[in-house]
Amino acid sequence: MLRKDFLWGGATAANQFEGGFDEGGRGLATSDTKTNGSKDRPRKHSFLTPEGNIVYLRGSEPIPADYRCVLDPERYYPSHRAVDFYHRWREDVDLLAEMGVNAFRMSVSWTRIFPNGDDEVPNEEGLAFYDAVFDALLARGIQPVVTINHFDMPVALSEKYDGWLSRHTVDAYVRLCDVLFRRYCGRVRHWMTFNEINLLRGWDTLGVHELDDARYQQALYHIFVASAKAVALGHQIDPENHVGMMLAAILTYAETCNPADVALELAVGRRLKWLFADVQCRGYYPSYALRELAAKGIELVREPGDDEVLRAGCVDYIGFSYYNSGVVTTRPDAPRALGNGVALAENPYLESSAWGWPIDPVGLRTTLNVLWDRYQKPLFVVENGLGAEDVVEEDGSIHDEARIDYLRRHVAEMKKAVDEDGVDLMGYTPWGVIDLVSAGTGEMKKRYGMVYVDMDDEGAGTLERRRKDSFYWYQRCIATSGEVA
Ligand code: BGP
């Protein structure tokens with residue numbers, strides 16, 4: 001049986017959902033300089049070169065230190081209006097309430113609260129916006145579940161301090177947390193420090209120029225320290241706070257029982273996810289990671305007391321996203337399959353979404369078991385769902401059978417993990433419950449929602465909200481505690 005206080009909800013992120021990018025005193029974030037794209041056309045950031053030209057680079061490319069952020073008036077940047085939650089939150093909260101959820105996962109926009117990331121005083125207008133949203137949710141019996149940092153950062157911190165490469169950013173982040181924990185004390189009880197901490201790999205999420213492996217490892221170390229400090233602070237300010245981590249839980253299978261495939265799967269798993277969960281759940285770097293750093297000749301710059309900080313900042317729970325699994329193989333010519341954050345080898349036993357992500361509901365049950373066995377911490381599925389195109393019928397209805405099928409099968413496996421395997425599961429918040437901009441491609445047509453938003457890939461549309469068939473399915477799913485699955 002699911003817990004009595006099981007959280008049924010939906011998940012979003014500010015840079016994909018909120019909009020109002022230059023309103024209410026908000027400052028520029030790295031996500032604001034990211035264009036839209038498609039499956040075959042990657043999203044890029046616009047920069048101004050010292051010669052005064054605008055150039056476009058992917059967040060994963062090393063960005064020269066003397067490039068400045070710039071907005072190109074000719075281009076469409078999806079984060080600027082996103083789906084306009086900033087102005088439509090009342091209607092959206094009503095829709096969530098009608099759906100029957102008791103939790104709503106959203107992130108705060110750092111630059112709405114500290115426009116430069118580290119201003120002397122927080123921006124009252126930004127804080128008041130989240131006051132209003134949280135109060136409206138709570139009035140409808142919906143608990144806010146807040147991701148403190150989801151895939152963006154203040155441009156000012158990147159330009160002045162090289163983002164997470166600097167210890168200054170740790171202090172700025174902890175100050176943000178301090179303001180959030182105090183202001184929303186008693187109203188927000190569930191927090192996550194960093195979204196998909198194992199996928200923070202480019203300029204947009206790290207703010208680091210000239211990124212290479214050594215600089216990445218240092219930035220990551222700072223993020224671990226910042227997260228640990230946030231956990232301890234959250235507990236100190238309100239012992240009722242649950243402060244969790246958020247992992248892209250990419251389940252990997254070895255392609256064959258060839259010991260070389262199995263050994264490679266172990267190594268890939270460590271690099272892809274275990275390092276991040278090990279540090280955040282156990283409070284120290286695992287030996288395999290220390291050996292790897294030493295072998296590469298990377299020496300992390302640490303401050304006295306950091307070890308204690310990491311140990312004292314173990315997370316209360318593991319929030320994770322689960323969309324697909326992937327296959328690891330030593331065969332160099334194995335065909336690749338796309339997936340959340342990383343492309344691995346194809347799995348002939350699975351079908352894929354229209355965006356090429358393998359669909360593996362049983363893998364969710366496996367993932368829950370593996371995480372539970374390894375850490376014995378409460379788990380929270382904070383993202384799951386099918387990115388698919390929707391067709392609006394003439395009468396306005398949307399028959400998203402494939403999405404219902406995906407969700408139904410995943411909920412069924414999730415329940416088995418609880419009922420038959422004894423996993424401790426806190427809740428389920430499927431991704432993009434109200435349609436929002438895709439993080440990977442910046443498209444609007446890659447939809448996850450149960451509520452349709454009338455907007456296309458270039459930002460045109462009325463933004464009107466419409467209930468899909470999955471809306472009514474999820475309503476029944478929640479009402480029956482997942483039985484309709
Ligand atoms: C995760 C992110 C989300 C989200 C989701 C779906 O990686 O936490 O922000 O967008 O994946 O990915 P996409 O939007 O690329 O389909």
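Quick notes on this one:
- Under 20 Å of direct C-alpha separation, and excluding same-chain neighbours fewer than eight residues apart, residue 44 reaches these lysines: 34, 445, 446.
- Cut-off 13 Å between beta-carbons: net charge of the residues surrounding residue 211, Lys and Arg +1, Asp and Glu -1: -3
- Antiparallel DSSP beta bridges within the chain, as percent of all bridges there, nearest 5: 35 percent
- With the largest listed first and rounded to whole Å, the semi-axes of the equivalent ellipsoid of segment 363-417 from the Cα gyration tensor are 32, 10, 8.
- Scattering profile of segment 10-62 at q = 0.16, 0.17, 0.20, 0.26 Å⁻¹ [log10 I(q)/I(0), Debye over alpha-carbon scatterers]: -0.63, -0.69, -0.89, -1.11
- For segment 424-485, GluC sites (Glu not before Pro) meeting the loop criterion (DSSP other than H, G, I, E, B) and having at most 13 other Cβ atoms within 10 Å: 458, 464, 483.
- Percent carbon-and-sulfur accessible area, the chain, ignoring ligands, DNA and RNA, probe 1.4 Å: 50 percent
- Filtered GluC sites (Glu not before Pro), segment 256-338: DSSP coil and at most 15 other beta carbons within 10 Å: 299
- Volume per residue that the Cα convex hull of segment 113-227 spans, once the total is divided by residue count, Å³: 94 Å³
- At least 27 Å along the helix axis (C-alpha) and Kyte average at least 1.6, DSSP helices within the chain: none
- In plain terms, the C-alpha convex hull of segment 153-292 casts an average shadow of 9.6 nm² when viewed from every direction.
- Entry for the chain at q = 0.06, 0.07, 0.10 Å⁻¹: log10 I(q)/I(0) = -0.24, -0.33, -0.72, Debye formula applied to identical alpha-carbon scatterers, no solvent contribution.
- Note on segment 1-111: Kirkwood radius taken over Cα pairs, Stokes-Einstein applied at 25 °C and 0.890 mPa s, translational D equal to 151 µm² s⁻¹.
- Segment 419-485 and segment 353-398 have Cα centres spaced 10 Å apart.
- For segment 65-122, alpha-carbon Rg relative to the globular expectation (2.2 N^0.38 Å, N residues): 1.59
- Over the chain, relative contact order from alpha-carbon pairs under 8 Å, at least 6 apart, %: 17 percent
- Rg and Dmax [Cα atoms of segment 348-485; Å; Rg one decimal, Dmax integer]: 15.9, 50
- Per-selection Kirkwood Rh - segment 249-335 (Cα, Å, 1 d.p.): 15.0 Å
- The charge dipole of the chain, taken about the Cα centre with unit charges on the Cβ atoms of Lys, Arg (+1) and Asp, Glu (-1), comes to about 960 debye, rounded to the nearest 20.
- Rg over Rh for segment 285-422 works out to 1.08, using Cα positions for both radii and the Kirkwood form for Rh.
- Coarse-grained scattering of segment 52-177 at q = 0.10, 0.12, 0.18 Å⁻¹, given as base-10 log I(q)/I(0) from a Debye sum over alpha-carbon atoms: -0.42, -0.59, -1.10
- Since only 353, 379, 7 are under comparison, the one whose Cα sits farthest along the positive direction of the charge dipole of the chain, derived from C-beta charges on Lys, Arg, Asp and Glu, is 379.
- C-alpha center-to-center spacing [segment 127-141, segment 196-237] in angstrom: 28 Å
- Nitroxide proxy distance, nm - points 7 Å out along Cα→Cβ at residue 296 and residue 284: 2.2 nm
- Restricting the trypsin sites (Lys or Arg not before Pro) of segment 52-117 to loop positions (DSSP other than H, G, I, E, B) with no more than 14 neighbouring Cβ atoms within 10 Å leaves 75.
- When the surface is traced with a 1.4 Å probe over the full set of protein chains, residue 287 keeps roughly 80 Å² accessible.
- Counted over all Cα-Cα pairs of segment 408-485, pairs farther apart than 20 Å make up 43 percent.
The values are calculated or read from the model by the stated rules, or taken from the named source; none is laboratory data. Everything numeric here is computed off the predicted structure, so don't read it as measured data. Here the Cβ is made from the backbone with ideal geometry for all residues, glycine too, and neighbour counts use every protein chain on show. Surface accessibility is based on the protein's heavy atoms, side chains included, excluding ligands, DNA and RNA. Shrake-Rupley method; radii C 1.70, N 1.55, O 1.52, S 1.80 Å.
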